[in-house]
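A short write-up of the structure that comes next.
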Amino acid sequence: MKKKTRIFVGLVEVAGYFGNLKKGFLENGVECEFITLDNHKFNYGNEDRNIFSELIKKINKINLKNKKIYFMLSYFLSIIPRLMLLIYILFKFDVIIYSLNSTLLRFLELPIYKLFNKKIVYVYLGSDSRPPYLNGWFVNSGNYNSTYKRSIKKKKIIKKVEKYADYIIDYPPQAHFHERNFISGLTVGFPISGFEEQPKKREKINKDYIRILHAPSSPIIKGSFNIDKYIENLKNKGYNIDFIKIVNKEHSEVIQEIKNCDFVIDQMYSDTPLAGLATEAAFFGKASIVGSYYVNYINNDVEKRFIPPSVFCLPEELESKIEYFINNIDQIKEIGSESQKFVKNNWGSKVVARKYMDVINGKIPKSNYFSPYNIEYIYGVGASKSQLKNFLKNYLHEYGEKGLCLNDKPDLVERIKKFIDTK
């Protein structure tokens, strides 16, 4: 009798992705545990409690002003529970799915997993693989030294992961540091499922107003300043807009606001048509307007059947798109219905978990893989082209081409240099 596959998922949660993935495995009759080492501020839930991980979480709560001493002390104190958790994983599970650049023991556990014949899958969802110099957070900070150090470190980590991982799932517009082919994230999907929490009483909505939701986890990265300005411009034109903006609220509150809105404005400078918030909005039949420079590249990187419906537009078009759909509310509601149908049919937690089983069993078609040497997109996320150009110009002046960590991709380096030199 064939032994059933047992799956471990950890060690970080992002936008409910991994909790929903665990639910999908369970719905398919696959034994799975999802364990994290930190309490997520948005309280997504669905994770399992483990005596060793709970102890690590308590140690991580140690509050010291000196960050360097804090990290050294917390890691030292958590060594024993980390080792015990590793032993627990080794003896109970066959497959390890790590989120982002997760590690129990600074990646020393990876060769141990291979020694014990475990399959390793690494999943990347954004800034975990994206070069820091293409990340709006670093671009807006103007800290070139920190960006350089983070870039060097991230390249080394990804190289280490690629040495041991059986499979890697990532998205082309952020995967510049990879040297191995990876499974394109949109071909797998973003797992979504029903929300069991009891809904609050639906508030009475003024039907004379269009209710628009913007719920940025990071207002600077999401371009919230510009979005606020666009809404104010449209109000000054006489449009009746009930603009709901919520920042850093619990997941249940965001879900309730999604249910109450007409449509969502996700972000200004994205690199995917449906990120976490937009996916949740789609689940409830609400369309999202998403600004992105990747609009001009996505069809070259991803087959059309894998691209979810949304209002995916250039950042410069965002205000006009908002105005258009205020005047054509039935159209954006129709897009919301199409998005809902797409995510429920293709990104339901049970469906995505089945795709992961295909990954684990080596049944993913070759067409779903993407070569990092085919990447053309260089505009990152969270910053305008002018902001990015100015940052990269100064960054390259300070650190040269070595700061890009793209020695294996000379064509991409030339593309970045050409972008900097354009007027």
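Worth pointing out:
- Tallying residues that are under 25 Å from Leu388 (Cα atoms), open to solvent by 40 Å² or more (accessible area, probe 1.4 Å), part of a helix (DSSP H, G or I) and free of Cβ contacts under 8 Å to residues at least 40 places away in the same chain within region 288-328 yields 6.
- Region 349-372, residues that are within 16 Å of Asp166 (Cα to Cα), in a helix (DSSP H, G or I) and open to solvent by 80 Å² or more (accessible area, probe 1.4 Å): Lys366
- Candidates are the residues of region 373-388 that are among the hydrophobic types (A, V, I, L, M, F, W, C) and open to solvent by 10 Å² or more (accessible area, probe 1.4 Å); the one that is nearest to Glu179 (Cα to Cα) is Ile375.
- Sole residue being within 30 Å of Ile7 (Cβ to Cβ) and without any contact (Cβ under 8 Å) to a residue 60 or more places away in the chain, chosen from Lys393, Lys389, Lys366, Lys402: Lys366
- Selected residue [of a type outside the set (A, V, I, L, M, F, W, C) and in a helix (DSSP H, G or I)] from Glu376, Glu398: Glu398
- Top-ranked residue of region 363-408 - restricted to ones that are of a type in the set (Gly, Ala, Ser) and more than 22 Å from the chain's Cα centre (by Cα), ranked as nearest to Tyr293 (Cα to Cα): Ser386
- Just one of the numbered conditions (1) open to solvent by 40 Å² or more (accessible area, probe 1.4 Å); (2) at pLDDT below 95 is not true of Gly276: (1).
- Within region 2-36, being of a type in the set (Phe, Trp, Tyr) and touching a helix residue (DSSP H, G or I) at 6+ places or on another chain (Cβ under 6 Å) holds for Phe8, Phe25, Phe34.
- Restricting Asn240, Asn260 to those that are farther than 30 Å from Tyr297 by Cβ and open to solvent by 10 Å² or more (accessible area, probe 1.4 Å) reduces the list to Asn240.
- Among helices (runs of 4 or more DSSP H) entirely within region 74-150, having at least 2 residues that are within 21 Å of Ser384 (Cα to Cα) and modelled with pLDDT of 95 or more singles out 136-141.
- Qualifying residue in region 264-283 (condition: in contact (Cβ under 8 Å) with a residue 12 or more places away in the chain, in contact with a Ser or Thr (Cβ under 9 Å, 6 or more places away or on another chain) and more than 18 Å from Lys222 (Cβ to Cβ)): yes
- When residues of region 238-263 are limited to those that are of a type outside the set (Ser, Thr, Tyr), assigned to a loop (DSSP other than H, G, I, E, B) and in contact (Cβ under 8 Å) with a residue 12 or more places away in the chain, the one farthest from Ile192 (Cα to Cα): Asn240
- Restricted to region 1-10, and to residues there that are farther than 14 Å from Tyr356 by Cβ and surrounded by fewer than 21 Cβ atoms within 10 Å (Cβ to Cβ), the residue that is nearest to the chain's Cα centre (by Cα) is Lys4.
The values are calculated or read from the model by the stated rules, or taken from the named source; none is laboratory data. The structure displayed is predicted, hence computed values, not measured ones. Heads up, the Cβs are rebuilt from the backbone with ideal geometry, glycines too, and the neighbour counts pull from every protein chain shown. With ligands, DNA and RNA removed, areas are computed over all heavy atoms of the protein, side chains included. Shrake-Rupley method; radii C 1.70, N 1.55, O 1.52, S 1.80 Å.
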